[in-house]
Structure formats: structure tokens, C-alpha cells
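Coordinate-derived values only; no laboratory data. What you see is a predicted model; the values in this text were computed from it and never measured. Don't worry about glycine lacking a Cβ; one is built from the backbone with ideal geometry, like all the others, and counts go over all protein chains shown.
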Amino acid sequence: METLFIYLVKVNVALTMFYLMYVGLLRKDTFLRLKRFYLFAAIVFSLVYPLFTIEVGGNIFSFLRKNYAAEVLIGQPSIALETTDASAENHFFPLHGKNIFFFIMMAGTAFFLVRFIWQLITIFRIKHKSVPKRIGTQNVYHLSEKMMPFSFFRWIFVNTEVHSEEELKQILMHEQIHVQQWHSPDILLAESLCIFFWWNPIVWLMKKEIAINLEYLADSEILRKGVNSRDYQYHLLRLTYHGTAVQIVNNFNVSQLKQRIMMMNKNKSPKRKLAKYLMMLPVAALLMMTNCVKEQEADRVPSQGKTLQDKEQANEQDYNEIFIVAEEMPQFPGGQGALMKYISENVHYPKEAQEKGIEGSVICSFIVGKDGSITDVKVVQGVDPSLDEEAIRLIKSMPKWEPGRQRGKVVDVRFTLPIVFRLQP
């Protein structure tokens, strides 16, 4: 969970930096295609760049690896282990601040994911209810209701009966541009961002900027084809009373009508302002540098003045360190299931603790050596001396593990194992 939290922080810091740069320097420009690329690239880079760094103490893939904490529910010594992962997990992870925050995040993500799926279903329902028509060379779906024209990938939806011939022509030109330039993936990317980072207001503002910029692109292409600017703006005003179908489509009109009209009437930005977009590169480089600081410290990158022999010695020294997270974590012979079975069969619930009704979670830390042996066993969080001693005895009695590996070489890895003692009636 901690590594996931670090990933979320890095992604949202990057999104915030790119958005502030966009608002401060680029928003008012008329380089619409370049702004589209900037917003798309900023999102993709922010999501991807944390994944390329391996840090001492954890990297972003650690929550996908077998760095498990075996939650074991121990009953009476004579009773075999019969428990579910859920019961052990509930006992080991008490409801505290971190978990409440995590559950709120997941609940919000689930809500917006369901909302997104419902919008997709709504589009298919509208398509099912609409009547396919052909206007000139364009296939469209006739809307039976007074709904704002919109497009979704290659589908164009419009109520052909409520618009004049000239209006319909301009609407179809507008939506054809959305279709031809593949604007729907941009909208879906922005919507996905809001699903997973709904708690960050920056992603909602970025989604708004992406949507309005796509409308700018369609508007500018319409005017470039020779459509009268005043007539086109008048048609936009007429459509403001229509309702929007869903939020994940390219609408013929959006709420920022004033900004669209201002952009249509704006003079083109001078080409010298293109240099501002190069500032994205140092921002990206800065984020990558901060992302690699820990790795450089941990790997002790040799200075340029060191010889090849010094470098080899430095690398050898790295593998003599005790890792907290390695590329391949140590494993109990047979995996997690075998570990839980071993504990259940070999644990001896202290009689004194049973009589006093003492139970709880003993968190132990130990080192899995390069040869798989268990050393330096200690209690990180204890419950009672009798339970603590039993947990230490149990871990010391374990057979050799499969050692961890870093860059293909076996390394010493410190492992943490919680053992939950609970009396069963």
C-alpha cells in the first residue's frame, strides 16, 4: 500500500506541474494541435515515468511481487488451521487512518467507474433507439429526442429534423472533424484519469481543458473550410438549449461557448511562441531526476575518476547490503500456502497465554540470507512475552528459504512476517 501511495503522489505531482505550466504559458495560444499533443503527452508521461525507477526500500512494482505478509490465524494447538484470508486480513489490518483513506479512494474509484460504464451503456442504448440515415456521403444516426448533436468514435448522432439544411451541413462538418482526427480517445483518456484520481481537482480541470481544446480544433477546421464565422457562431448559440447526452462524447457545443467564440476571433499566435513548448522537456527531466535520487544513492554510482576495479568492488559491495525489497523476493519452500501450513502445524500456543486469554498479532523481522538461512530474528511489534518467544522460536525453526535476487544475484533480504494468535472457542 505504501508503494502504491508513492506512485499516486508522483503521478499527481507531475500532472499538477504540467497543468500549471499549461495554464500559465500555453492556454491562450492558437497552436491547437500542439496543445492537444502537450496535454496527451503530459498525461501519458505522468502515468508512466514512476514505473521506470527501482528504489531502495521499494519500487512501484513491489505491490505486484510476492512481498506478502502471511496473516495466519492460530487456533487451539490441537486444531488444524481452518481460516479464510479475509478473517486473517481483518484481524491484521485494523481500521485506522491509512485504511480509511484507502477505502474512501477505492469507493470513489468504484463509483466513477460504474458511472463511466453506465455512460457507455447509454451511448449504445441511444444508438439502438436511433434510426440510421445517410446524408450525402455521411452515415448518421437520427436522434428521436431534442438532444445536442454528438459523436463517439465513428458514430455521429444528430436530430436531422430540428435543424435547417445549412445548420445540418455545419454540424456534420464539425462532427466529421472529431471523427477524422480521432478525438474520442482523448476524451476517454481524460475520463479514465478522473476515475482513478477523482480526488485531485487538477485532473478535472485538465479534462475540461482537453475537451475545450478539441472543440477549438473542430471550430478552426470549420472556419478554414470557408464557413462564415458569424453564421457558425449563431448556430452554436441556437444549440445551447439542447441537453447533453453523456459526458464522454464529443459534443457539438460545450458549456464554454464564450471561450470558443473568443478563440475563433483571435489572431494567430506568432511562431516564436512555439519555443515555450520545449519547456516540457526540462520539467520531464526534473521529474525523472527526482524519481532516480534514491536509486543513485542506493547503488552508490561510482565517480568518473574510479577505475573499473573500483566499480566492480562497489557493485560487489551493493550485493553485500541487506535489501528491504529485491527484484525477486525470498520465498518459503512451496510458496505462501506452504508457509501458512508449516506455521499452523508447528506453532505451540503458550498455555499461559491460553489461560489468560491473551491473543494478538506478533510482527517479526528476520533476514533471509544468500543461502536461504534465517538470521537476526527479532520482534518488531509484540503482544506478550510468551507469544513473542513462540513466534521467534517458530521462525528460527523454519527450513531454509529460497533466497532473494537482485539483478540476477542472490542477496540478503530483510523480511517481515506478522503472525496472528487468536483463541477459537
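Sorted fewest first by neighbouring Cβ atoms within 10 angstrom, ASP384, ASP219, ASP371 come out as ASP371, ASP384, ASP219. When only Cα pairs below 8 angstrom with a gap of at least 6 residues are kept, segment 105-268 shows a relative contact order of 27 percent. Quick one: Kirkwood hydrodynamic radius for segment 105-268, alpha-carbon pairs, angstrom, one decimal? One over the average 1/r among Cα pairs gives 16.5 Å for segment 105-268.
Lysine pair count for segment 105-268 (Cα-Cα distance under 24 Å; residues 8 or more apart in sequence or on different chains): 20.
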